[in-house]
């Protein structure tokens, strides 16, 4: 593909030019990448034909690393340097992890987010995830023999702000342009083609390796509207493995002493669990340093020890339905997603609880990546049959700390994003000139029971009597579900705002530095990369502007149009030279020069939408 | 352009206009919820950031602004209590629920009695009875508000009813929480 299409002003570049977009399911145990090929979403395999990449990274001496299957094989031989289930660490501090001792790698307490001690030094979960994402990006680039315009990455619906931000940072670090983070159950719903098949109300039950999500969706007129979502971002197949492992150890009276024992035990538990999905009993055989285990495990026994976990998922289903103000009989279908839904007890429990047989016709491992690919393809503007719009919600309530360690809710859970909500507060001391704002996420009333996202201060409030100041706190959530908070004293207009970079706070500079370091080891020239990115960016913006001009150029005066065309030509010229800085500068100029045009187009579009509706309703 | 719109639509002030103008709905309490839902879908189909992901920064920012504004208005119009409070506000009556807690003494007495009943409730039947009472109260209050906003407009009186309604919703919430707590033990 040519990086830049130079065409005469006023002539659109080839409208049929396809942009390559990928969907990535960054899973706890496996990750996948998919794309649209010939109108069908497909998962891309590696050289050996395998689509699933084990989410495992092994750090080796001299800056080398093994990723995926190779690392997976090494997990029991070199457990201290092999990171598995890193998704469970994303956006988490050491204090958040109830079972820190279960990990075979050494976890260290870093400010804001847990770190992983490896022979190559301390790695953050963001860096480890970036290795997985970069591997998938490379796989896609090689198999498609093209540059990737952008990616949609899926996250559990129940991921909080810190976990979402960490995922986005990892993608940036892996050199991916993130088109959108979308929720896993929503992606699954898209893949199921529920949009074409039928309209109505659906539940998506998604039990993965480390997370559980339940989403209730309404599909109507090409709009996927998420009505409610719930779940547990620390409940998944891994927990069934641990449950089995602990039960077996208790039965045989052995303990796990070494990291390699821990890793072996888990591997065996997982294998036995999978076996039990097919057979009614399986042998648990493993050789530990403290002794040998050989035990017959029956399916009923396994189901009994893990029953409380299954029960937990059903409680979340109940709450989500309640939030959506629905009963299970209102649902037109229940979709099962995630490898863990292969367990017969999950299928049985879901069927009993929802009162209908769940839908299973797509591969539960692939369905999320496929849905992400369909959405990515749509976001880059490739023509698709359906004109689909996703309207997703915030999974958790957001608020701020008030007197007495209580949380005042500002955005309740299950609000459609993007959204903004405000509430007014006041000072509680005479002459108070500053106010500390503590941003929290969660459903509980006490600050100590919620997740702290950020703290910031509003300063410069003029001294007033207690209760006289009026401070408006506005929470804004974008389409990726990421939060920013603004506070303003209304009488003086003193302002403070913060983009909630959750407490672990990787700043843009830090990301840039990590990127640079990453490229040094990978021996890729940073400059070339930056130039290429700037050129792709320029191409995208030129194309968008050109399309806008051909559609709505009529609303511009001749002078305005000539000016925009001049700015476009300047950018095209810059694009042929090898200075990323110059391209960025010209992109900025073009953006500024088209601002008024963009605003007017937007207004016209809204008016059109309203008039269209209005005429409809008069009929 | 041929069909005269309900309200004058002026593109430069549309973003700042009130929720009813934005959704082209008559400014009243009783609204057609299906119509509201359909307008919301139509507006989001046009304005949502997903429609602008390949555009320049200016268009992206505008789309985010619009889409947020549309959702904000939709949430407010969709919920009867919030819609009522908003109509009071548009009519110059502020609810100020935090500071204005003045209620008729009889209303407060009744509330206190029911709060006591809630403290003592233990069985599902107890909770059912309380829930039934609060639901009936909410329905009656909603009807009163509808009348005071649409048929015999009296925004001040409507405001007082909206405050009572907020009380009742909070009480209903505590009933649910208490029931979950007691009956799941």
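Each reported figure results from applying straightforward, stated rules to the coordinates on display, with no laboratory input. Fair warning: this is a prediction, and the values are worked out from it, not measured in the lab. Glycine also receives a Cβ, built like all others from the backbone with ideal geometry; neighbour counts cover every protein chain displayed.
Taking every alpha-carbon pair in the protein assembly as shown and binning the separations at 20 Å intervals from zero gives 14, 45, 33, 7, 0 percent. For segment A:278-301 versus segment B:108-133, the spacing of their alpha-carbon centroids is 53 Å. The fewest-to-most ranking of A:365, A:294 by surrounding Cβ atoms within 10 Å reads A:294, A:365.
Pull out the extension gain between residue B:120 and residue B:28, defined as 0.36 nm times the separation in residues minus the alpha carbon to alpha carbon distance; nm, one decimal. Can you show the working numbers first?
Details: separation 92, 0.36 × 92 = 33.12 nm, distance 4.07 nm.
Contour length minus the Cα-Cα distance gives 29.1 nm.
Globularity index of segment B:105-184 is 1.23 (Cα radius of gyration / 2.2 N^0.38 Å, N = number of residues).
A simple spin-label model places pseudo-atoms 7 Å from Cα toward Cβ; at residue A:495 and residue A:436 they are separated by 2.6 nm. Centroid-to-centroid, using Cα positions, segment A:523-584 and segment B:19-63 are 30 Å apart.
Once C-alpha pairs closer than 8 Å and six or more residues apart are averaged by separation and normalised to the residue number of chain A, the relative contact order reads 14 percent. Taking the fewest neighbouring Cβ atoms within 10 Å as the starting point, the ordered list for A:419, A:186 is A:419, A:186. What the Cβ-Cβ distance of residue A:423 and residue A:48 gives, at R0 = 41 Å and to the nearest 0.05, is a FRET efficiency of 0.15. Between residue A:307 and residue A:119, the simple spin-label model (points 7 angstrom out along Cα→Cβ) gives 4.7 nm. For the pair residue A:289 and residue A:314, a Förster radius of 30 Å applied to the C-beta separation gives a FRET efficiency near 0.15, rounded to the nearest 0.05. In this simple spin-label approximation, residue B:181 and residue A:363 carry label points 7 Å from Cα along the Cα→Cβ vector, and these lie 4.9 nm apart.
If the chain linking residue A:552 and residue A:569 were pulled fully straight, counting 0.36 nm for each residue of separation and taking away their Cα-Cα distance, it would gain 4.2 nm.
Pop the C-beta distance of residue B:135 and residue A:408 into the FRET formula with R0 = 25 Å and round what comes out to the nearest 0.05. Once rounded, the FRET efficiency stands at 0.40. Were the residues from residue A:592 through residue A:250 laid out at 0.36 nm apart, the gain over their Cα-Cα distance would be 116.4 nm. Between segment A:349-420 and segment A:20-79, the alpha-carbon centres lie 24 Å apart.
Think of it as helices only: each DSSP H run of n ≥ 4 in the protein assembly as shown is worth -39500 (n - 2.57), and spread over all residues that comes to -14500 deg cm²/dmol at 222 nm.
Ranked by Cβ crowding within 10 angstrom, fewest neighbours first, how are A:69, B:132, A:242 ordered? Working shown, then result.
On the way: A:69 15, B:132 10, A:242 18.
So the ranking, lowest neighbour count to highest, is B:132, A:69, A:242.
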